[in-house]
Amino acid sequence: IVAIDEFPYLAAAESGITSAIQAYADGSFKNSKLFLILSGSSMSFMENQILGHKSPLYGRRTAQFKLQPFDYFVSREFLPGFSPEEQLTLYAVTGGIPEYLSKIDNTISLKENIVRLFLTDSGIMFEEPANLLKQELREPAVYNSLITAIAGGASKLNETASKTGMDTNKAAKYLGVLMSLGIVKREYPAGEIRGKKSLYSLDDGMFRFYYRYVFTNMSAITSGSGSLLYDAEIKNSLPEFCAPVFEKVCAEYLLRLQKNRKLPFFIGSLGRWWGANPHTKKPEEIDLMAISHNKGLFCECKWRSVPADLAVFETLAARSKLFNLDERHYIIFSKSGFDKKLQAKASALPQLSLISFEEINKLRD
């Protein structure tokens, strides 16, 4: 077994290396016991120069792996010194990237870690997004403007193009590159055929945090006011920042349950749904939803400091009736538990499950 890590650096120093490997792969490799592994952190290089159809090595691989960030449950193992809520916050801030998780100091507070890593001009994460864009892309300034627009609330293609001064075709092309790098995601309403009802958002947790809090406060940070920035702008808004990440954690929880055959039916696709109510003409949204063979699973995820109440279920049940199904199941996830009326409803309705954040944190493989 021969493993070459950070292969892009070798390829940059020796331009003929991929052609040389091709020659061996087509010749003597076939009769040898050599097992060659090429790895690299530059996704654009690995996908274009190694896996791309113009690469000398195209079609010669026997397997490929795109390493994904850790989910919340694995990320927690890096963070034993923090409460579950702080662990979720740090998961949201790092995006589950092992390198970033490894920089967390378990002997100091959540605030001290965020200030040390992000909110000082000598912090390891202070220039991380800029460095990543420079490494992966030829026009980092253009991509930076797109990321800034999305971080600022632009979720539709025409909005993003308008904010950056691009035409929609050009913006779509650049957004496609950011999606291939895992920085941006394009969502469609769960259960619907891909069409024009798509929304863009930042998929990388570290980029979400950086462009929300760091990029817009550079002057304060470089002047040494990182701690004040945390107290004034970040501390009280972290619950709202973490709310969509809690939805992601709930989805990870459900998919882990599915591996243990603990869901009412097989889920092939799980995601958020949004659309107009045909009766009221008002927009509606469901945090997590899955439909399969006329069966539906509908979930609400509440990351707030008060218990979820019966009204949460009633709203979810009403929205589920927008879909013509024979069987409906409901799950309400809540950081702060459930009030007595909702608990009584769950006791009387087998199709309704209540799962607290405490219960989520008890899950083991």
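The values are calculated or read from the model by the stated rules, or taken from the named source; none is laboratory data. Quick caveat, the model's predicted, so the values are computed rather than measured. No Cβ is skipped: glycine too gets one built from the backbone with ideal geometry, and neighbour counts run over all protein chains shown. These accessible areas exclude ligands, DNA and RNA; they are computed on the full protein's heavy atoms, side chains included. Shrake-Rupley method; radii C 1.70, N 1.55, O 1.52, S 1.80 Å.
Tabulated data for the structure shown
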| quantity | calculated |
| --- | --- |
| Matching entry among I104, I124 (being over 30 Å from M166 (Cβ atoms), assigned to a loop (DSSP other than H, G, I, E, B), touching a residue at least 12 places away in the same chain (Cβ under 8 Å) and in contact with a Lys or Arg (Cβ under 7 Å, 6 or more places away or on another chain)) | I124 |
| Failed item, numbered, when K345 is tested on (1) modelled with pLDDT under 95; (2) touching a helix residue (DSSP H, G or I) at 6+ places or on another chain (Cβ under 7 Å); (3) basic (K, R) | (1) |
| Filter pass, L119 being hydrophobic (A, V, I, L, M, F, W, C), open to solvent by less than 10 Å² (accessible area, probe 1.4 Å), assigned to a loop (DSSP other than H, G, I, E, B) and at pLDDT 95 or above | yes |
| Counted residues, segment 96-113 - those being open to solvent by less than 10 Å² (accessible area, probe 1.4 Å) and either among the basic types (K, R) or under 10 Å from G205 (Cβ atoms) (or both) | 1 |
| Qualifying residue in segment 330-342 (condition: among the small types (G, A, S), in contact with a strand residue (DSSP E or B) (Cβ under 8 Å, 6 or more places away or on another chain), buried (at least 20 other Cβ atoms within 10 Å of the Cβ) and modelled with pLDDT of 95 or more) | yes |
| Scan of segment 46-60 for residues that are without any contact (Cβ under 8 Å) to a residue 40 or more places away in the chain, touching a helix residue (DSSP H, G or I) at 6+ places or on another chain (Cβ under 9 Å) and surrounded by 13 or more Cβ atoms within 10 Å (Cβ to Cβ), ordered by number | M46, S55, P56, L57, Y58, R60 |
| Spans of helices (runs of 4 or more DSSP H) in segment 204-289 with at least 3 residues more than 21 Å from L90 (Cα to Cα) and open to solvent by 20 Å² or more (accessible area, probe 1.4 Å) | 218-222, 238-259 |
| Among (1) farther than 23 Å from L132 by Cβ; (2) in contact with a Ser or Thr (Cβ under 7 Å, 6 or more places away or on another chain), the one test that G226 misses | (1) |
| Top-ranked residue in segment 14-29 [being under 37 Å from the mean Cα position of the chain (by Cα) and not hydroxyl-bearing (S, T, Y); ranked as farthest from S55 (Cα to Cα)] | E14 |
| Per-region count, segment 312-365, residues closer than 21 Å to P84 by Cβ and touching a residue at least 60 places away in the same chain (Cβ under 8 Å) | 10 |
